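In what follows, a single structure is set out as structure tokens and then discussed.
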Amino acid sequence: MPRLPLSGHHLLAATGVRSRARHRADPAELGHPGGPPSTRAALGELGSALDGVRLLGALPRLSTAPRGDGHLVVDIPGWRAPELSGAPLRAYLRRLGYDARGWGFGTNTGDPRRDVARLSKRLLELVDDAGEPASLVGWSLGGVIAREVARRHPDAVRRVITYGTPVAGGPRHTTVARAYRRGPDPDARRVAERLDPTAPIPVPLTILFSKRDGIVAWQACLDHTSPDAEHVEVFSTHIGMGIDPDVWTVVADRLAQPVGVRRPRRG
């Protein structure tokens, strides 16, 4: 059967001119993970570089994002990812007016318990200097760390934004399960799963996930327990999320929301 031509709206979305992000109101309707992503999704990660092409088409709308208020934003990389992987997003956020910084520990080598402890210490020092809470942005395993820091120190965290982050099931729902167990501490994941229902994260959470994710099963990214969690679906590979303009747009919009105030959201 011949493929239908792209409509004008889909063409604009495919080129980045328009966003493909969608707010998903009820994660319970989206289901639960049943294992790692499909082979097709995993193979789709080979085209991750193409996700960056949409940045060019998205430049006009990225420039219209709300200006930042200067508060501290700490960006945490994913497993085995260097701190440099978040540099494009941090540069964009600094351009908007945020004090966007890397987490300060280089490559994420996969020791969540250690990293939660040392990032907590660093964050408390930074927040004390700034005189106001910070926002945390985490990619994949970086989001796991961001969530646990916020659980420990909610008064120091204004908001948490994660993308491609396995909330439930950890390595069981990734394509690199065997290697993952040799990397991130599985005991830390089990602790998080035990705490989620009994001590849910009290700060606002924005969770971005993609059904194209070939590394983490998208259902595993859903948070069914935190009281103030919202879910936004994007259309990106896992590796491409760091340069996906729709991810950037949602991050910028959520960071601009005043503390304790809800307003209409874009995406």
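The values are calculated or read from the model by the stated rules, or taken from the named source; none is laboratory data. Quantities reported herein were computed from a predicted structural model and do not represent experimental measurements. Note: ideal-geometry Cβ built from the backbone for every residue, glycine included; neighbour counts use all protein chains shown. These area figures cover heavy atoms from the full protein model, side chains too; ligands, DNA and RNA do not enter into them. Shrake-Rupley method; radii C 1.70, N 1.55, O 1.52, S 1.80 Å.
Compared with the direct C-alpha span, the chain from residue 49 to residue 84 gains 11.0 nm at full extension, assuming 0.36 nm per residue. Segment residue 199..residue 94, full-extension length gain: 34.5 nm, with 0.36 nm per residue of separation and the alpha-carbon distance subtracted.
Once both labels are positioned 7 Å from their Cα atoms along Cα-to-Cβ, the gap between residue 224 and residue 105 label points is 3.0 nm. Here region 1-106 has 62 percent of its accessible surface on carbon and sulfur atoms, given a 1.4 Å probe and all protein chains in place.
Once C-alpha pairs closer than 8 Å and six or more residues apart are averaged by separation and normalised to the residue number of region 33-256, the relative contact order reads 28 percent. Here the convex hull built on the C-alpha positions of region 112-160 has a volume of 56 cubic angstrom per residue. Measuring how big region 33-256 is from its alpha-carbon positions, Rg and Dmax come out at 16.1, 48 Å. Shape analysis of region 49-139 based on the Cα gyration tensor places the equivalent ellipsoid semi-axes at 25, 19, 7 Å, largest first.
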